[in-house]
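The values are calculated or read from the model by the stated rules, or taken from the named source; none is laboratory data. Remember, it's a predicted structure, so these values are computed and weren't measured experimentally. Don't worry about glycine lacking a Cβ; one is built from the backbone with ideal geometry, like all the others, and counts go over all protein chains shown. Note: areas computed on protein heavy atoms with side chains; ligands, DNA, RNA excluded. Shrake-Rupley method; radii C 1.70, N 1.55, O 1.52, S 1.80 Å.
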Amino acid sequence: MRPAPHVAGVQLRRAHLADAPALRAILYDTFESTWRPNITTAAAEAFLSEDRPSAYVGERGLEFWVAERDGEVVGLVHWHGDFVHALHVLARHARSGVGAALMDQAEAGIAGAGLPFARLETDTFNARSQAFYAARGYLEEGRYPDTEWNSGLTTLLLVKRLT
């Protein structure tokens, strides 16, 4: 483990199998705080009945980087190639620097692989994430219907030059 830059008490490391319950809990926490208020009842029921966090963690969890604070996993980031697929932080740790430290890790990993850009998606309703990414230098490159939630949402493609 290594300390997260500029974030007291936070350590970043690769995820372990034993982290699976904590990773699922983080994904459910952000679903409840961010997504559920903005999607249809049918979309929420599908998310829950399909147990999407367990499927995602089971398929990709060992690719995640996690942030630990006082021995508790409080956030995760997942990227592949130049695309950041997920950044999630427990609501009670939001705005404490955990998300920024995880994004620093992702961007360093992407740049270290020789890729000039980092790409990610967020939705138009999520003003907090848009502000977070804008402050990090991400620019909107496109917008299109969000087909994941079937709730009439619009996805934003954000891109940042790293090199």
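What the table below lists for this structure:
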item	result
Selected residue (criterion: surrounded by the most Cβ atoms within 10 Å (Cβ to Cβ)) from residues of region 123-147 that are of a type outside the set (S, T, N, Q) and part of a helix (DSSP H, G or I)	Y133
Qualifying positions in region 148-163 - open to solvent by 50 Å² or more (accessible area, probe 1.4 Å) and either of a type in the set (S, T, Y) or at positive phi (or both)	N150, G152, T163
Counted residues, region 77-134 - those being under 12 Å from the mean Cα position of the chain (by Cα) and acidic (D, E)	1
Residue tally, condition of a type outside the set (A, V, I, L, M), out of contact with any strand residue (DSSP E or B) (no Cβ under 8 Å at 6 or more places or on another chain) and under 24 Å from A94 (Cα atoms), over region 30-50	8
Matching residues, region 49-85, being without any contact (Cβ under 8 Å) to a residue 40 or more places away in the chain, under 15 Å from I26 (Cβ atoms) and among the β-branched types (V, I, T)	V57, V77
Pair list, Cβ under 6 Å, 6 or more apart: region 86-110 residue at positive phi, other residue open to solvent by 40 Å² or more (accessible area, probe 1.4 Å)	none
Residue check for L23: surrounded by 11 or more Cβ atoms within 10 Å (Cβ to Cβ), touching a Gly at 6+ places or on another chain (Cβ under 9 Å) and assigned to a helix (DSSP H, G or I)	yes
The listed residue being touching a Lys or Arg at 6+ places or on another chain (Cβ under 8 Å), modelled with pLDDT of 95 or more and either of a type in the set (K, R) or over 21 Å from L120 (Cβ atoms) (or both), out of E50, E68	E68
